[in-house]
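The values are calculated or read from the model by the stated rules, or taken from the named source; none is laboratory data. Just so it is clear, the model here is predicted, and its values are computed rather than measured. Heads up, the Cβs are rebuilt from the backbone with ideal geometry, glycines too, and the neighbour counts pull from every protein chain shown.
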Amino acid sequence: MSRLTLEKIAALAGVSRSTVSRVINDQVNVRPEVRERVQQVIDETGYQPNQAARSLASKRSTILGLVIPRNVQSVFADPYFPRLIQGISLVCNENDYVLSLFLFHTEDEENKIYPRVLNQGFVDGVIITSMVSGDTLLDQLKDSDMPFVAIGRTADMPDVSYVDVDNVGGATTAVTHLMNLGYKHIATIAGPADVRAAIDRLQGYTTALAARGLQIDPDLIVRGDFSEASGYAAMQQLLSHSPDAVFAASDAMAQGALRALREAQIGVPDTIAIVGFDDLALAALEKPALTTVRQPIQRVGKLAAENLLDMLQNGVDPPRRLLLPTELVIRDSCGKKG
């Protein structure tokens, strides 16, 4: 008979590998009937757990942490985060892990709480999202030896594992689509200057314009913070510069732009075309329905959690670095320029 492993015991018992590990290590969060079934398989097969692995497993909390730094103030209002968290929690549930959410609202909270999380064994690993340039949390994670995965590209840290989407390519495709329809005076509502996704989407905007020999007009670049309110304010500012199309770096900001245009009684797409980024549920429900760049938000969360669990099992090297494709979803908010 081939060598018995936790995976084989789990398959025979009809449970997950982590449940078998919990039974072997006498952890309490296993239902009695499941514990009995696993123990019966162990007894019948004569399985002997590796003592070194058992010792290591006993030190684990079976908790993963999701860290959302203080720069994110709209986590419960932004539809992006529920979809991301859903993807992470699905993987945690499938593997009998608990997901713990860490929200920081001030720098003092980060400085006080985060070192305790890292140093006292509260979590086995961490997923960190919505990083800003120069965020010290990444440095703290690296210094702590805590396994972690970043959601978002970390170009200046080649040894950090991350899951991201092709923000540059997605934005380039969106703006190129507008130019192919005949629009030439294209504005953008960009995200914050210190957020990686916003930086990449603005790069995609400028790359597309430059490829067609169009000048980059600073007056046509207005920043928001990914919220609907900031998109509304940015669109009001852009109106004095008479764009014929706008690429918004998030669906929420595109929604705000549409609201501003409705209030100004400016037709979309008859006078100004709009394209967003995300493909949240609200995009298809807008009037007109929003053309947008679809990113696989839930899949990003799932892959981040799966990679983190793999790192806990097999080590952090080599770094896992995934860049997922995006897709332009064409709806009614950008028509052909007459």
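Yes/no matrix, rows are residues, columns are (1) modelled with pLDDT under 75; (2) not in a strand (DSSP E or B):
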site	(1), (2)
Ser61	no, yes
Ser74	yes, yes
Val91	no, yes
Asp96	no, yes
Phe122	no, yes
Val160	no, yes
Asp164	no, no
Gly169	no, yes
Thr173	no, yes
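Of all residues in the range 180-200, exactly one satisfies the criterion of being in contact with a Phe, Trp or Tyr (Cβ under 6 Å, 6 or more places away or on another chain) and either on the phi > 0 side of the Ramachandran plot or not in a loop (DSSP other than H, G, I, E, B) (or both), namely Thr188. What residue, among those in the range 288-315 that are assigned to a loop (DSSP other than H, G, I, E, B) and at pLDDT 90 or above, is surrounded by the most Cβ atoms within 10 Å (Cβ to Cβ)? Per the criteria, the residue is Leu290.
Say whether the condition of being outside the structural domain of Arg22 (by TED's automatic domain parsing), of a type in the set (S, T, N, Q) and either more than 13 Å from Ala305 (Cβ to Cβ) or in contact with a Cys (Cβ under 8 Å, 6 or more places away or on another chain) (or both) is met by at least one residue in the range 81-101. There is no residue in the range 81-101 that is outside the structural domain of Arg22 (by TED's automatic domain parsing), of a type in the set (S, T, N, Q) and either more than 13 Å from Ala305 (Cβ to Cβ) or in contact with a Cys (Cβ under 8 Å, 6 or more places away or on another chain) (or both).
Being on the phi < 0 side of the Ramachandran plot, modelled with pLDDT of 95 or more, within 20 Å of the chain's Cα centre (by Cα) and acidic (Asp, Glu) is a property that Glu263 lacks. Quick check: anything in the range 25-38 of a type in the set (D, E, K, R), under 31 Å from the mean Cα position of the chain (by Cα) and modelled with pLDDT under 85? No - not one qualifying residue is present in the range 25-38. Inspection of the range 314-335 identifies at least one residue that is in contact with a Pro (Cβ under 7 Å, 6 or more places away or on another chain) and polar (S, T, N, Q). When each of Leu285, Leu258, Leu290 is tested for being free of Cβ contacts under 8 Å to residues at least 24 places away in the same chain and either of a type in the set (Val, Ile, Thr) or not assigned by TED's automatic domain parsing to the domain that holds Leu101 (or both), the lone residue that passes is Leu285.
Checking each residue in the range 300-324 for being farther than 19 Å from Thr154 by Cβ and touching a residue at least 60 places away in the same chain (Cβ under 8 Å) picks out Lys302, Leu309, Leu312. Note on the range 226-250: residues that are on the phi < 0 side of the Ramachandran plot and surrounded by fewer than 20 Cβ atoms within 10 Å (Cβ to Cβ) amount to 9.
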